[in-house]
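The values are calculated or read from the model by the stated rules, or taken from the named source; none is laboratory data. The shown structure was predicted, so the numbers you read here are calculated from the model rather than taken from an experiment. Cβ placement follows ideal geometry from the backbone for every residue including glycine, while neighbour counts extend to all protein chains displayed.
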C-alpha cells in the first residue's frame, strides 16, 4: 500500500526528516509516536503534499505510484486522506456542500459520475449511520466556531464520507477529553477493512488503548528509531521520551 | 514564485476594450458656460440650469476632502470633458435607430438591448458616457404605472416630479463631489413607482465610460410612493486607459410609507494597471436613501470590485417610525486599488432598525478601509443596529482598516457589533486540496463563503455575475 | 488612600509577628515580595485605566481585620451549595480562609491530592507547591493579588496526576463567618492538573447573610499538556460583602480549559480573570453570567494571553442588571508575536432591566501577529419590545414574558454547564432572582 524509502524533507531550509523508512500493508493500522519536534507532523504533511515542505531525498510509493510527483488534490483523488492536526475553517461553506464538492471532485477525477444534491444527501445519511453520528455538523460551516474537539470529530466524519484507502491521522487525539478519544477511536475502528490502511500519528499512548495498532513506530529526531507492537507504546508512556533519548544516545 | 492564490487573483480586466465611435464632446474644462452648454444640450428648463449654477458656485467655495484613507495625486478639474456623447443625433423611439456599434458594445458587456436577446425580467437603461442610448421594456413598465427613464427625458416628461424630489436627499451642499455632480451631471436614471405598485421586473442601469479625458457624472433618483416596491441594480465598466478618470455620481432614494427600495451595485470600473497602478477610475460617489415614511425600508447592496479608488458611503436616513435601513457590502481591492467605503445609518424615528454587513477583501497591495457611522438621535426610541465588519487579507502586502463610529443619544438603543480579520493562506487552500479540490476551486470556495451573506441579497442573475467578477478580479492572488 | 494602604501594611507586620510566621523560608519570601509590591502599588483608583469603571472607595473607607480562624459555618447552608451527598463526594472547605478537613477522607483515586494548603506546604508535596504557588497570579499583576499573596497562609491544594480521569467534581467552598466584625479573608486555591488528566472543579464563595466582610480570593489553575479542565465559580456572597478576586489559569500544549463564572451576590465584585495559553493547540473558554440588582456592582476584567500559535479562545459574558446595579466587562485579548492562527471570539451581552441600571463593555484587542482571527461583539440594551409583544400575544403576562426573555438571556451561559445538578441549582438561583 505505502512504501516510504529514505525520506528526507525540510521546511524553510531546515531538514526535519533525516531518512525515514516505512512500509504499510493493506488493512494495517500503524502508529507513529514521538516527542514534540520529532518530525511526526512533518511526515504527515509531506505525505499529503503541503507546499511548505520540500522533499530533498527519498521516495514515497503509494499503491505502486510515485506519490511525490502528484499535486495535493491528486493524492486525495487517489485515496490519500489526512486528518489535520489543526483543521482549517471555511466560513459560509457548509460541511455538506464542502463534502459534496470534495466527493464530486474525487469522483470526476476517477471518471465516475458526480452526485447531485439529493443523491449526495442519501450517501451522507448512509455514512453517518455507519459511524453512528447525527447530522448536526452538516449544515454548519466547515469548522467555523467549532471547538477543538468538534474540529477533530469533523475530520473523522470527512474521512468516513471520503472513504480513502489510506488515512493519516495527525494528532487527532490531542486536545480531546477521554470520551471524545473513544468516539474517534470507534469511528476509526469501524473504518478498518482489509483494503484500507491507517497511520495514526500521536504524541500520547492513550488512543492506542482503543485502536489495536499492528505496528508502533517511534520517530525521534527525524528518523524511525524503533518499531514494535503495542507493548512499545505502553513502555514509552511509562518511561517517557527522555528514556528514549537516552537509549538512542547510547546506541 | 506565484502561489495558487496569486494566480487566481490576477487575471486581466476583461472589459478594457474601447468602442471606436465618434463622440460629441464639450470643450475641456469647467466654467459657467460649460454648465450652460450641458443644460442646453439637454434642453433643460430654466429652473434646472439655475439649480446647476447655484451648485457650481457653491462648489467653487469648497475644498476637496482629504480625510479618506486613500492616496492619489491632484485632480485637474479643468482637464476634464464634462460632456461626451456618441455622435448619433436624437434619441429615437426604436432600437433600430440606435448605432449598431453601441448595441454591439452592450452585447459584448453582457447587456443585450435588442428585442430578441434582452434579459427577461430585467428592464435596462444603457448609459454610454454622458447619455442614455436605450431603455428596454419601457412600454411594459408604463402599463404598470412605473416610470423608468433616462434622467434627461424625465426632466422633459415629468419636470414637476423631478423638481419635487431632486436634491432633497443629497443637497448640493452635502459634499465636494455632490456639489460638482449637481453642477455638471449629464444623465442617469429616474425611477418613480406610484402608490401601491410593485414594480413587475428588476430595473437596471448599465454605465459605460468610453471616451477619453471625460468624467462620468450621472444622477439617479428613485422614488417609491406609499406601499410601492422596486429592486434596482446598476453595473458599470470602462476601457483601460493610462489616465485616471473621474466618476462622481449622486444617487438619491426616497421611500414613503410602507415602501421598499432595494438598490444593488456591481461596480467594475477599470481598476488601473495591475503591475504599475497607472490609470483607473476614481469612483467618488454619494449615495443616500431617505426612509421618509413609516415602515419603509431601503436596502443597499454593493459589490465593489473595480476602480482605482472607491470612496462611497451609501447611507440611510431612518426618519419614519419602524423604518429599516440595510447595507451589505463586498469591497475587493487587489494590486494597487484603494477603497474607503462603508455606510451611514441615521436613526431619527422610533423603532428604527439598521443592519450593516461589510466584507472587505484585500489582495496584492490593495488597501481596504471600512468607515461607518451609526447615529441614534435623541428621539429614536428603541432603535437597533447590528453591524458586522469582516476583513480578509490575501498575501502580506495588503491592508485592512476599520473605523466604526457610533454615536448614541438615546439610552434605549440596542447596539450590536462584530468584527473580524482573517488571512487566507496556503493552509486553507491546502486543506481543500487535501480533500480533492483544485486550487482554483478552493480559492473561489473560500472567497464566496466569506461573501455569502452579501451575495444572497443580490437578485439571482447578478449574484452569479458578482461571484464571477470576484473570481476574475481575484485571479492570481492566492498562495 | 494611603490610610487604607498603611492599615494593611501594619496588619501584615502583626500577621508576620504572630502565627503567620510559622512557614518555610520560601513562603516567607513570597509574602515579603508581595507586601512590598502592595506597598508600592496601594489600592487602585478610578484614574487607572483598568479601574475606570470600578471604584474601591467603599472598601478602602472601611477597616477590615483578619478573620479569626476558629469559626463554624452554617452546616445547612453548606449542604445547599454542594452537589450530592457530602460524605461520598470530594469536598474541600475553608472557613475564613482556613482549611477544614473533612470528617471522612474523600474517595479520591490513588495519587490525587485534595488537601489544605497549609498542611501541603509542610507536607510531602512541598516541592510542588514551591514550584507553583503564586507563580501565575503574580503580585505585579494586581494589587489585590499582591495583598492576597502577602497574607498567604491556608486554602485548598489539589493535584491530579498524569492521565487520571476524575469522574466526579472537586467541590471547593470558601465560606466566611463574619459575626459582628468586619473581617477580610484571603482564600487561596492552587490546582495542578498534570498531562493527560481530566477533572472538574466547582468553587463556591459565600458567607453568612447580611454580614459585612471582604473576600480577597486568589485561584491558580495549572493545566498540563493534553489535560482537560472544567471549572465553575459560583459567587454567592452576602449582599453587603466585597469580593475581589484573581482567577488565573496557565495552560500547556493541547490542553482544554473552560471556566464558567456565576455572580449573584456581593455589593461589589471585581474579578480579574487571566488565562494564559502557553502551548500550541491549547483552548480556553471563559463564560460568565451575572444577575444582580439594587446597587450591586460586578466587574469582570478578563485577559486572554495567546502566547503560542494555533490556540483558540471563546468568551461569552452575559449580564442582567436590574435596580441601580452596574456591570462592567473588559475583554482584553493579547496575541503575542508568533502566535499565528489564533482564533479568539469574544461576546458580551448586557440586558438592562431598569432605566437606572448601567453596563460598560470594553473590548481591547492587542494583536502582534498577522495571521489571526479575532472577533468581538457586544450588545447593550433593554428587553426587545418586539419580543415582549410576541410573547404577550401568545398569552403570557407582562411579568412572565419579561422573566422568560431574561431567563433566556441567562440560559445561553447556563446551557454550557455540564454538571446537571449544578445546572439545576444555578437555574433555580436565576429564577429566584427574577421572581423577586
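With respect to residue B:449, determine if the residue is in a helix (DSSP H, G or I) and at pLDDT 85 or above. Judged against the criteria, residue B:449 is a match. Taking the range C:120-134 as the range and being touching a strand residue (DSSP E or B) at 6+ places or on another chain (Cβ under 8 Å), more than 17 Å from residue C:186 (Cβ to Cβ) and without any contact (Cβ under 8 Å) to a residue 40 or more places away in the chain as the test, the residues that pass are C:123, C:125. For the range A:186-202, the set of residues classified as buried (at least 22 other Cβ atoms within 10 Å of the Cβ) and at pLDDT 90 or above consists of A:197, A:198, A:199, A:200, A:201, A:202, listed by residue number. With a requirement of 1 or more residues that are in contact (Cβ under 8 Å) with a residue 12 or more places away in the chain and within 19 Å of residue C:142 (Cα to Cα), the strands (runs of 3 or more DSSP E) lying completely within the range C:183-266 that satisfy it span C:183-185, C:188-193, C:213-223, C:242-251. The residue list B:399, B:320 contains one member that is at pLDDT 85 or above and in contact with a strand residue (DSSP E or B) (Cβ under 6 Å, 6 or more places away or on another chain), which is B:320. Whenever a residue of the range B:410-437 is at the interface with chain C (Cβ under 7 Å from one of its Cβ atoms), its partners that are part of a helix (DSSP H, G or I) and surrounded by 19 or more Cβ atoms within 10 Å (Cβ to Cβ), lying with C-beta atoms within less than 9 angstrom and at least six residues away or across chains, give the pairs B:422/B:450; B:425/B:5. Of the helices (runs of 4 or more DSSP H) lying entirely inside the range B:76-168, those containing at least 1 residues that are out of contact with any helix residue (DSSP H, G or I) (no Cβ under 6 Å at 6 or more places or on another chain), more than 14 Å from residue B:42 (Cβ to Cβ) and at pLDDT 80 or above span B:138-144, B:159-165. When residues in the range A:90-102 are screened for being surrounded by 22 or more Cβ atoms within 10 Å (Cβ to Cβ) and either more than 7 Å from every other protein chain (Cβ to nearest Cβ) or out of contact with any strand residue (DSSP E or B) (no Cβ under 6 Å at 6 or more places or on another chain) (or both), 4 of them pass. Within the range A:147-185, if we keep just the residues that are in contact with a strand residue (DSSP E or B) (Cβ under 9 Å, 6 or more places away or on another chain) and closer than 10 Å to residue A:95 by Cβ, the residue that is farthest from the other protein chains (Cβ to nearest Cβ) turns out to be A:154. Every condition in (1) in contact (Cβ under 8 Å) with a residue 12 or more places away in the chain; (2) exposed (fewer than 14 other Cβ atoms within 10 Å of the Cβ); (3) assigned to a loop (DSSP other than H, G, I, E, B) holds for residue C:105 except the one numbered (1). Kindly indicate whether residue C:184 is under 17 Å from the mean Cα position of the chain (by Cα), buried (at least 23 other Cβ atoms within 10 Å of the Cβ), within 20 Å of residue C:101 (Cβ to Cβ) and more than 14 Å from chain A (Cβ to nearest Cβ). So residue C:184 fails the test. The residue list B:396, B:390 contains one member that is surrounded by 22 or more Cβ atoms within 10 Å (Cβ to Cβ) and within 14 Å of chain C (Cβ to nearest Cβ), which is B:390.
Within the range C:391-399, is there a residue that is outside any loop (DSSP other than H, G, I, E, B), at the interface with another protein chain (Cβ under 10 Å from one of its Cβ atoms), over 27 Å from residue C:311 (Cα atoms) and over 21 Å from the mean Cα position of the chain (by Cα)? There is no residue in the range C:391-399 that is outside any loop (DSSP other than H, G, I, E, B), at the interface with another protein chain (Cβ under 10 Å from one of its Cβ atoms), over 27 Å from residue C:311 (Cα atoms) and over 21 Å from the mean Cα position of the chain (by Cα).
For the range A:59-86, the tally of residues that are part of a loop (DSSP other than H, G, I, E, B), crowded, with 22+ Cβ neighbours inside 10 Å and more than 7 Å from every other protein chain (Cβ to nearest Cβ) stands at 1. Considering only residues of the range B:332-347 that are assigned to a loop (DSSP other than H, G, I, E, B) and in contact with a strand residue (DSSP E or B) (Cβ under 6 Å, 6 or more places away or on another chain), which is surrounded by the most Cβ atoms within 10 Å (Cβ to Cβ)? Only one residue tops the list, namely B:343. Based on what the data block shows, is residue C:288 in contact with a strand residue (DSSP E or B) (Cβ under 6 Å, 6 or more places away or on another chain), buried (at least 23 other Cβ atoms within 10 Å of the Cβ) and modelled with pLDDT under 95? No; evaluated as a whole, the condition is false for this residue. Scanning the range A:53-77 for residues that are in contact with a helix residue (DSSP H, G or I) (Cβ under 8 Å, 6 or more places away or on another chain) and farther than 16 Å from residue A:7 by Cα yields A:71, A:72, A:73, A:74, A:75, A:76, A:77.
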